[in-house]
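*Asks:* Can you read through this structure? Questions will come right after.
Bear in mind these aren't lab numbers, they're just calculated from the coordinates by the rules spelled out. Just so it is clear, the model here is predicted, and its values are computed rather than measured. Note that each Cβ is placed from the backbone with ideal geometry, even for glycine, and that neighbours are counted across all protein chains shown.
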Amino acid sequence: MRVKRILVVLRKDGFFHHGNRRIPAVRPGEGWGVMVELEPSDIDQDFGFPVWVPSQDEIDEILRALKKSDELTHELRGRGWAGRRPYWRVEDFM
């Protein structure tokens, strides 16, 4: 698989909002998420199943997108959160 593009997508009111589309979300909650759109490549045929061999540039771009999604989610929710990717700002404690 090849990375076609890396998206930062809004999930709100039970839907993912992507362009003009509203895609039902299975899990509740509101925020912004990072999605990696993939496309097939020759290596998938070599292995007989989909594989992704990430480059450092792709990893860096994903990390930047995760940071952006954390910031946008904080703005949407108006507060930080705990969990696997906790995100707090100093002002959350004031």
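*Asks:* If you check every pair at least six apart or on different chains, which have Cβ atoms under 7 Å apart with a residue in the stretch 9-29 that is free of Cβ contacts under 8 Å to residues at least 24 places away in the same chain and closer than 19 Å to Lys67 by Cα first and a residue that is of a type in the set (Lys, Arg) and in a strand (DSSP E or B) second?
*Replies:* Gly29/Arg11
*Asks:* Has the stretch 60-80 got any residue that is over 17 Å from the mean Cα position of the chain (by Cα), part of a helix (DSSP H, G or I) and exposed (fewer than 13 other Cβ atoms within 10 Å of the Cβ)?
*Replies:* no
*Asks:* Look at the stretch 25-45 and say how many of its residues are of a type in the set (Val, Ile, Thr), farther than 23 Å from Gly78 by Cα and surrounded by 15 or more Cβ atoms within 10 Å (Cβ to Cβ).
*Replies:* So the answer is 1.
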